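Accompanying notes for the structure given below.
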Amino acid sequence: MSVDNAVGAVPRTLIGAYFRVGRVSLDLVARMAGQRDNESWPPALLFDNFEGNVDAVVGGLLRDETLLKKGRLQQARVAQLRKAAELRTVAEQERVRADEALENRRVQAEQERNRAARNAEQREQEIHKRAEQAEQRVQQTAARRKAATRQTKAAHDKAIERRERSAKAEALAKEASALGAAKQALNAQETVDVVEDTLEGTKAARRSG
């Protein structure tokens with residue numbers, strides 16, 4: 001091992017030991033939080049990012065290419081994990097919005113169906129009501145026509161009855177007139193007979209005197 005490698009190995013060892021201790025504590029907390037296998041867990045990302053920054057800074061100061069490369073790789077890894085976490089967050093937000101939009105469309109569709117059902121029921125009730133009204137009008141018209149027919153028949157019957165009474169009265173009047181004329185004729189005949197009898201009696205009296 002060269003002197004430079006030996007000198008660079010000391011900080012790497014110290015930094016590695018420091019972060020291993022911190023990693024143990026972090027793993028314990030992650031296990032308790034149920035995030036042990038979640039590389040995108042925010043505390044883990046903060047720790048990894050801090051570790052990468054320290055390695056990169058110390059590696060740059062000490063011109064330790066191994067430590068510098070390790071730090072940059074750690075930074076790149078954290079950046080990728082953060083980007084993936086952001087994408088997952090965006091995807092989750094999009095999913096939530098899509099679910100909300102779908103639920104809103106479902107609710108709107110249900111409301112439209114309910115409105116359509118209510119409108120159909122109202123139209124059916126209106127049609128039924130109009131049909132009943134039309135039936136009532138037909139019945140009322142029929143009743144009026146029937147009443148008018150009865151009134152016309154009654155008036156016709158009364159007219160016939162009046163004509164029959166008038167004809168009967170006229171016939172009775174003619175009969176009475178005929179009876180009067182006959183009575184007058186009979187009375188006249190009786191008068192003639194009396195006169196003739198009187199004349200015959202007078203003649204007979206003259207002849208016998």
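What the table shows:
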| quantity | calculated |
| --- | --- |
| Among (1) at pLDDT 85 or above; (2) closer than 30 Å to Trp41 by Cα, the one test that Ala85 misses | (1) |
| Residue in segment 58-72 that is under 25 Å from Leu14 (Cα atoms), among the polar types (S, T, N, Q), more than 57 Å from the chain's Cα centre (by Cα) and surrounded by 15 or more Cβ atoms within 10 Å (Cβ to Cβ) present | no |
| Within segment 20-43, tally of residues that are closer than 23 Å to Val54 by Cα and either among the charged types (D, E, K, R) or in a loop (DSSP other than H, G, I, E, B) (or both) | 7 |
| Lone qualifier among Ala147, Ala154, Ala143, Ala188 - being of a type in the set (A, V, I, L, M), surrounded by 10 or more Cβ atoms within 10 Å (Cβ to Cβ), assigned to a helix (DSSP H, G or I) and modelled with pLDDT under 80 | Ala188 |
| Condition met for Thr198 (under 60 Å from the mean Cα position of the chain (by Cα) and on the phi < 0 side of the Ramachandran plot) | no |
| Any pair with Cβ under 6 angstrom, 6 or more apart, that starts in segment 99-122 at a residue that is surrounded by 10 or more Cβ atoms within 10 Å (Cβ to Cβ) and modelled with pLDDT under 90 and ends at one that is not in a helix (DSSP H, G or I) and not small (Gly, Ala, Ser) | none |
| Whichever residue in segment 75-94 is over 52 Å from the mean Cα position of the chain (by Cα) and hydrophobic (A, V, I, L, M, F, W, C) and, among such residues, is farthest from Val57 (Cα to Cα) | Leu81 |
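The values are calculated or read from the model by the stated rules, or taken from the named source; none is laboratory data. From a predicted model like this one, the values you see are computed outputs, not experimental measurements. So basically every Cβ, Gly included, is an ideal-geometry build from the backbone, and we count neighbours across all protein chains shown.
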